[in-house]
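In what follows, a single structure is set out as structure tokens and then discussed.
Quick note: the coordinates plus some simple rules give every number you see, no bench work behind them. As the structure is a computational prediction, the values presented were derived from the model and not from experiment. Cβ: placed from backbone, ideal geometry, glycine included. Neighbour counts: every protein chain shown.
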Amino acid sequence: MEATIITIMALLFLSFVALGVFVTVKVAKAAARGVDRTIDQARRTVEETTLRAKSFGQAGTAGELARLRLSLRTSMRATQEALQAGVGEDASLKESLDLFHRLSAHGLELDADLKRMEREPDRAWVAGQLPELAARTERITGSADALRRAARDRAVKFAEDDLSTLSAQIDVEAGALRHWTRPEATQGTTQPAGPGRETAPGSGGERSAITGPDPRRTAYPWEKSARPETTT
């Protein structure tokens, strides 16, 4: 019996140790990924700041290469952010995002070529390559811009359709609210207010005013807080 208890305790101890090691490894990996993302973001920021300075401060081949790289990176990043932000609400954008990932492979290849051109000592040869590099940049950024603008137009269209439907429903409701009749008393009882009828004072329609608003109701930022009643 004692041997069984010792065995169980040993197994529990080993399980806790294994669980602790597993959690520690997961936390360490997550922290490492966070550090890597931070370093990558800082590196991209520094690199793009340098490209922006070169594009404005340098003329000739160096300035043109910097402008092409900056244009490429700006367009690709904006499109990626737009598609990733919209795919959660519109599943149809998943195919667009897949196409963008394929386009990104060409963008990374072009960015690498432009970066190598910046280090090329033969500036005359680089100048001869600029037209082809500019054409590739325009094709890739044009495709990225087309995806981004189409996704934006789609979102705007859906929003306009939803707003039009909501406005029509509100117009119908507003019209119904303007057709009111005073409820008639029959045999000492008050008829319940139907659709489009005004609720008589003292009826059950005042329950919400007595019990207060439903706490589950969504509060909107443009609402004002109700002022507390004062007594004299």
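Working note: Karplus 6.51/-1.76/1.60 with θ = phi - 60° gives the range 124-140 the couplings 5, 5, 4, 4, x, 8, 4, x, 5, 5, 5, 5, 4, 4, 5, 5, 6 Hz, where Gly and Pro are set to x.
Multiplying the sequence separation of K26 and E47 by 0.36 nm and subtracting their Cα-Cα distance, what value in nm do you get? Can you show the working numbers first?
Values: separation 21, 0.36 × 21 = 7.56 nm, distance 3.12 nm.
Between K26 and E47, full extension yields 4.4 nm more.
Going 7 Å from the Cα of A155 toward and past its Cβ, which residues in the range 86-106 have a backbone nitrogen under 14 Å from where you end up? Those under the cut-off are 86-94, 97. Taking Cα centre as origin and charging only the Cβ of basic (Lys, Arg, +1) and acidic (Asp, Glu, -1) residues, the dipole magnitude of the range 104-146 rounds to 60 debye.
Placing a label point 7 Å from the Cα of W125 along the Cα-to-Cβ direction, the residues of the range 81-113 whose backbone N falls under 17 Å of that point are 113. Our estimate of slack between R102 and A3, defined as 0.36 nm per intervening residue step minus the Cα-Cα distance, is 29.5 nm. Please give the contour-minus-distance gain from L14 to K94: 0.36 nm per residue of separation, less the Cα-Cα distance, rounded to one decimal in nm. The span from L14 to K94 would gain 24.3 nm if fully extended.
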